[in-house]
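Chemist: Handing you this structure, nothing more for now.
Taken together, the values in this text are just the output of simple stated rules run on the coordinates, not laboratory data. Since this is a predicted model, take the numbers as computed values, not measurements. All Cβ positions, glycine included, derive from the backbone under ideal geometry; neighbour counts span all protein chains shown.
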Amino acid sequence: MQRTTRLLVALPVTFVVAFVALAFFRAQRTLTQSAEAVRTAHQTPFTQTALDLTHPRTLAFEPIVSTTNFTSGTVFAGGFALAGPAGLSFFAPDGTPHRSLRTGLELPVAPLTQVVTATLRGASAPQLLAATAGAGLLLLSLDLSGTPTLQQLLPRSPEFRDLTQLLPLPTGDLLLGTRHRGVLLFDGTHLTPLAFSLPGVDSAKLEVTTLAAPGPASILIGTRNQGLFFLHAGTVQHSDPASGLPDSQVDSLAVANGKAYAGTPQGIAEFDLASLLPGQISLRPTRILAASLFGHALAASTSQLTVGTLDQGIVPVPLDAHPHLRPASISVPLDPGALSNQRIDAFFSAPGPTGLLYALADGQLLARSSSHWTPVLLPAPSSALTDRNISALAFDSDGRLFVGFFDRGLDILDPQAGQPTRHLEDDHLFCINRLALDPARHTMAAATANGLVFFDAQAQPRQTLTRRDGLISEHITDLAFTASGITLATPAGLTFLKPTGPESLYAFEGLVNNHVYALAAQADPNRLLAGTLGGLSILESSVVIRNLTVTNSALGHNWITAAALLPDGATLLGTYGAGLERLSLARDGTPTFTAIDLPAGAPKDLVVNPNALLVTGTHIYAGTLGHGLLTYTNATGQWALVTEGLPSLNVTAFASRKDELYVGTDNGLVRIAEASL
């Protein structure tokens, strides 16, 4: 009986204990899940995949060699690793090229913005880390035989893929600065935004330009328009023009002997980090150095600050009690006048406390020896293009390829392989908007931002027309050869170059908008289409007969950027925001618009670049802003979007000859057999 009584008493106690234990474990699991949810809620999802370096992404596109334009570099595996818009190149210590990984081929279609050498958490050997403008982080490792392997860390959000700066930390972690979304921390497993609290500042939206680590627990963040931030031991301090920073834009940072240096467009601010007061929010510079210099790149030592500028070369600033400027001696085989206006993009040092200092000047690698700077790399081939930012292309009747640049004049490539490239650049041949072959004279005409330049049969510039010669504007955006002469498109209207002299037409006389971007001569020799910022004008014999806009027609967008005549007499129109449209005109000018069904991957608000349309016997090509190359194949009657193999997704110009297509982008020139498309 007593045993039964004890059992009856024990059972409720057991149930209570079990219930309490179950509730505890459920609560503990809920707390754990909540903590994990909070932790993962602040993380940025990403994928990390291996890229195949043994086979380029496409074998069809062939890059045309351009002058190297390296903007970042590091010492890696005993040699140099240099990066820029064209990709990543490796060199031996004597400057001999070793290997190249090209943007759009072996590498993703995104320019490289910075490279550093670091051993990240979990890695057994130093890796080469490359930040890209749109493709996330690239991690290159070498095995025991020296064979490289490449991985891509790609955040899910496109804004987190646009990287500007990398800062390896002594812990093995990595800080990644983004163009518009602040700083990310990568610990080898997780990618987490670096958040801090400061009145009036959203740390998740900082536009990061540069990073530095003064110590193991402190970080300096330079931004494009919000000054400098100093994170140290859980505190945040801020410097901007209100607290003495020369400019709100910080382009560069350097740290030495407990002091930090911030390069801005208005000089360099020096900060004594050891004298900062606890709890102080405002970060004030102790002095301003070289107030007249744009501090685009910095390197600091005990006694000297080396300043790299955008257009004044390299300037050493002694760090004595009264710092002053003195000229630098730069031994570079360039014209004497060019020594003082070089662009310096970066400094980096060889490993070790007394490592040699290197600079990237106008894309070339220099090494400092005493007070002199000497080139390290072998000179580029004479047949290389002068620049990579291409704005216009055209072949002349002798097979010479004219390559116009956005702000560097133009190059003329001889059809015979190995011949040196001829570069032309002056006050008029500077910003090239359009190149067109005169079908009657078989000579080239260049529409520029500073006038119209005619070339002779030997590809020599022979005549330049400006406003003094009767043009309505010197900024010419397009030109068309017609039965009555030459028509020029400008931001102020149209100018007709006729045998009787120049005549102009603008909005007051019926043009739908003064800013004309594109012209298309029609099958009817008297008819011309003018695409403008505000719609389309149809002209006959230099007189406007009809204006078409989104309000009075089926035109999808008023801003017309490109126009090309199709074989059936219709006109293909490129727009800024509505892709492509097909326009058919009746004899009386009545329009019929047909929308082009864009392929998968092309947005509905697609932007076609100015004059980036070409019609050949087998294809139609359209160059887009940021989405690659649109192609239409006559044999299939289908449009396709091409991105792989291009050096950039911003396609700006076309030319074709002998069934080969030349594609110009803002990051170089490639060619491909049309049959491959």
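Chemist: So if R0 is 51 Å, what FRET efficiency would Ala92 and Gln638 give, r being the distance between their Cβ atoms, rounded to the nearest 0.05?
Modeler: 0.60
Chemist: Further, regarding this structure: Two-decimal Rg/Rh of the stretch 390-607 from alpha-carbon positions, Kirkwood Rh?
Modeler: When Rh is taken as the Kirkwood radius, the ratio is 0.98.
Chemist: Please give the contour-minus-distance gain from Leu357 to Thr54: 0.36 nm per residue of separation, less the Cα-Cα distance, rounded to one decimal in nm.
Modeler: So the extension gain works out to 105.7 nm.
Chemist: I've got another one for you. Can you give the relative contact order of the stretch 390-607 as a percent, counting alpha carbon pairs under 8 Å and 6+ residues apart?
Modeler: Here the relative contact order equals 9 percent.
Chemist: Now a separate question. Equivalent ellipsoid semi-axes for the stretch 142-220, as square roots of 5 times the alpha carbon gyration tensor eigenvalues: give them largest first, rounded to whole Å.
Modeler: 25, 16, 11
Chemist: Tell me the volume per residue, in Å³, of the convex hull enclosing the alpha carbons of the chain.
Modeler: On the way: hull volume 169.4 nm³, N = 677.
Once divided by residue count, the hull of the chain is 250 Å³.
Chemist: Please determine, in degrees from 0 to 90 and to the nearest 10, the orientation of helix 2-41 with respect to the longest principal axis defined by the Cα atoms of the chain, where the helix direction is its Cα long axis.
Modeler: 30 degrees
Chemist: Could you pull the Cα extents of the stretch 587-633 along its three principal axes, largest to smallest, in whole Å?
Modeler: 38, 26, 21 Å, listed from the longest principal axis down.
Chemist: At Arg441 and Ala291, where each label point lies 7 Å from the Cα along Cα→Cβ, what is the point-to-point distance in nanometres?
Modeler: 5.4 nm
Chemist: Still on this structure, please answer the following. Say a paramagnetic label sat at a point 7 Å from the Cα of Ala274, along Cα to Cβ; which residues of the stretch 228-254 have their backbone N under 19 Å from it?
Modeler: 232-233, 254
Chemist: In addition: Residue separation times 0.36 nm, minus the C-alpha to C-alpha distance between Arg99 and Arg468: what's the value?
Modeler: 127.6 nm
Chemist: For Thr590, put the label point 7 Å out on the Cα→Cβ axis and report which residues of the stretch 531-563 keep their amide N under 18 Å from it.
Modeler: 538, 545-549, 552-555
Chemist: Per the Kirkwood definition applied to all pairs of different Cα atoms, how many angstroms is the hydrodynamic radius of the stretch 608-677?
Modeler: 11.7 Å
Chemist: Measure of size requested: the Rg and Dmax of the stretch 186-251, with Cα atoms as the atom set and Å as the unit; please supply both.
Modeler: Both quantities, over Cα of the stretch 186-251: 12.2, 40 Å.
Chemist: Next question, about the same structure. Estimate the FRET efficiency between Glu159 and Ala123 by the formula 1/(1 + (r/R0)^6), using the beta-carbon distance for r and 22 Å for R0, to the nearest 0.05.
Modeler: 0.25
Chemist: Once you place label points 7 Å from the Cα toward the Cβ at Thr171 and Thr47, how far apart are they in nm?
Modeler: So the label points at Thr171 and Thr47 sit 2.9 nm apart.
Chemist: Something else now. Zone of Ser383 (label point 7 Å along Cα→Cβ, backbone N under 18 Å): which residues in the stretch 644-677?
Modeler: Once the point is set 7 Å along Cα→Cβ of Ser383, 657-658, 660-663, 669-673 turn out to lie under 18 Å by backbone N, inside the stretch 644-677.
Chemist: Still on this structure, please answer the following. Name the long-range amide H neighbours of Thr103: under 5 Å, sequence gap of 5 or more, or other chain; modelled H, no Pro or chain starts.
Modeler: Amide H to amide H, under 5 Å and 5 or more residues apart or across chains, Thr103 pairs with Gly87, Leu88.
Chemist: Once R0 is set to 30 Å, what does the formula 1/(1 + (r/R0)^6) return for the Cβ-Cβ distance between Asn526 and Gln460, expressed as a FRET efficiency to the nearest 0.05?
Modeler: Efficiency, rounded to the nearest 0.05: 0.35.
Chemist: At 222 nm, what value in deg cm²/dmol follows for the chain if DSSP H runs of at least 4 each add -39500 (n - 2.57) and the sum is divided by all its residues, to the nearest 500?
Modeler: -2000 deg cm²/dmol
Chemist: So if I average 1/r over every pair of distinct C-alpha atoms in the stretch 520-654 and take the inverse, what Kirkwood radius in Å does that give?
Modeler: Working: mean 1/r = 0.0665 Å⁻¹.
About 15.0 Å for the stretch 520-654.
Chemist: Hey, how many Å between the Cα centroid of the stretch 251-276 and the Cα centroid of the stretch 140-213?
Modeler: That distance is 22 Å.
Chemist: Note down the relative contact order for the stretch 608-677 as a percent, whole number, built from C-alpha pairs under 8 angstrom at least six residues apart.
Modeler: Values: 154 pairs, mean separation 17.6, N = 70.
It rounds to 25 percent for the stretch 608-677.
Chemist: Over the alpha-carbon set of the stretch 509-551, work out the extent along each principal axis and list the three values in angstrom, largest first.
Modeler: 26, 18, 17
Chemist: Still on this model: Stretched out fully, how many nm does the piece from Thr549 to Arg582 gain, at 0.36 nm a residue minus the Cα gap?
Modeler: So the chain would gain 10.4 nm between Thr549 and Arg582.
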